[in-house]
Each structure stands twice: as C-alpha cells, then as structure tokens.
Amino acid sequence: MAACCSDGCTSNREAVNPRYRKALWAALIINALMFVVEIVGGLKSGSVSLLADAVDFAGDAANYGISLTVLSMGLIWRARAALVKGLSMGAYGLFVLGKTAWAAMSGVPPEPFTMGAIALLALTANVSVALMLYAFRNGDANMHSVWLCSRNDAIVNVAIVFAALGVLGTGTVWPDLAVALIIAALALSAAISVVRKARGEIASVSGE
C-alpha cells in the first residue's frame, strides 16, 4: 500500500470542488497582473516593501498554478506540492531580508504617494482572493498553503499602506524597511507551518 500511495494512486484522489478550481484560476490571474503593477510601482517609487510584495505576487501566481496542476492528483502529490511551496516561501523570506539590509545601507526614502496608492490597489486584490479562498482554509496542506498566502498578502498590504504614511510623515526609509521585515517574518512563519503540515501528510500517506 505504501508504494501505491507514494505514486499518488487513485485511493487518495478526491473529487475536485469546482468552486475551488475557479477560485484558484481567479487568484492566479489577479496575482499575475498585480506582479506587473507592483514591479512598475516599486521601481518608480523606490519602495523595497512594494518590490518585495511584487516578488510575492509572482510566487503566489506560480503557487496557484502548481495547486491547479496537482488538484486532481492523489494526496501524496498535493502534499509534495505544498512542501515545494513551503520551501519557496522560506526562500522568499530570506530574499526579502537580504534586500532590506541592502536598502538600509543606501537610506534613500521611497516616494510615498505612489507607494500608498499601489498598496491600496494590492490590498483590494488580495482581500478579494482571500475571501474567495476562505471557505477552503481548513483543507489539506496544499489548500492550507494557498489560504496562508492570500491571508498574509492582505496583512502585508495593510502594513505597506501604513508604511507609506510613515515615510510621508518622517521623510525616512525606515517605515518601508520595517514593513519589509514584517513581510519576511510572515513568509518564514508561513513556510514553517506549511512544511510541517506537508511533511506530516507525506509521512502519514507513505506509512499506510
């Protein structure tokens, strides 16, 4: 049985909720579009937190694509996909930490109005995705990882809005960098949660 499960055999397949599939497609499209918007806005405003969030949008779009690919597969494959996503979330968190350290040395504050406007647009996009995926948050590790991504993104965008206000009020780069650190911490925390759950599911299925 263990060998069969490790190959994602049909005994671990589940009927795919069509609402969940549609939500994933919508989330993929929204995240891909927002990646382009935030890359342009981050470069124009000089905001590290926007650039970090843009990379997150790209990662999320890829993750939703992976989720769609393994949606009809066995639990072992969905768990493996979640493990890959968890590791990528951790790598993203480390990347943001490095980018923040680099920006701290330059000390040039971003342009707050562009930064704030794009953060509000990104917040609207992420809240929409989070609401679509909320009903599926307690599913397997793959669903869990998708929900964590959307939830964290909405939290991050709220923080970026406040960072823009902080930059406007202080004229310094530090509010932007503080939010970038929050983004890194959320990514690393979510990565640990997803990897643990995915490894548990892999061990459970492999031991059957």
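Of the listed requirements (1) closer than 21 Å to residue 196 by Cβ; (2) modelled with pLDDT under 80, residue 91 misses just one: (2). What do you reckon, is residue 67 of a type in the set (Gly, Ala, Ser), out of contact with any Cys (no Cβ under 6 Å at 6 or more places or on another chain), open to solvent by 40 Å² or more (accessible area, probe 1.4 Å) and part of a helix (DSSP H, G or I)? No: the conditions fail for residue 67. As a summary of the residue check, residue 151 satisfies the conditions (1) in contact (Cβ under 8 Å) with a residue 40 or more places away in the chain; (2) within 23 Å of residue 30 (Cα to Cα); (3) of a type in the set (Lys, Arg); (4) surrounded by fewer than 21 Cβ atoms within 10 Å (Cβ to Cβ) except for the one numbered (1). Restricting 99, 85 to those that are part of a helix (DSSP H, G or I) and surrounded by 21 or more Cβ atoms within 10 Å (Cβ to Cβ) reduces the list to 85. Screening the candidates 135, 191, 122 for the property of being closer than 16 Å to residue 38 by Cβ and assigned to a helix (DSSP H, G or I) yields one hit, 122. In region 102-111, the count of residues that are modelled with pLDDT of 75 or more and touching a Phe, Trp or Tyr at 6+ places or on another chain (Cβ under 7 Å) is zero. Mind checking whether some residue in region 171-184 is under 24 Å from residue 70 (Cα atoms), open to solvent by less than 50 Å² (accessible area, probe 1.4 Å) and either in contact with a helix residue (DSSP H, G or I) (Cβ under 8 Å, 6 or more places away or on another chain) or not in a helix (DSSP H, G or I) (or both)? No.
The values are calculated or read from the model by the stated rules, or taken from the named source; none is laboratory data. All values derive from a computational prediction rather than experimental measurement. So basically every Cβ, Gly included, is an ideal-geometry build from the backbone, and we count neighbours across all protein chains shown. Accessible surface areas use protein heavy atoms only, side chains included; no ligands, DNA or RNA. Shrake-Rupley method; radii C 1.70, N 1.55, O 1.52, S 1.80 Å.
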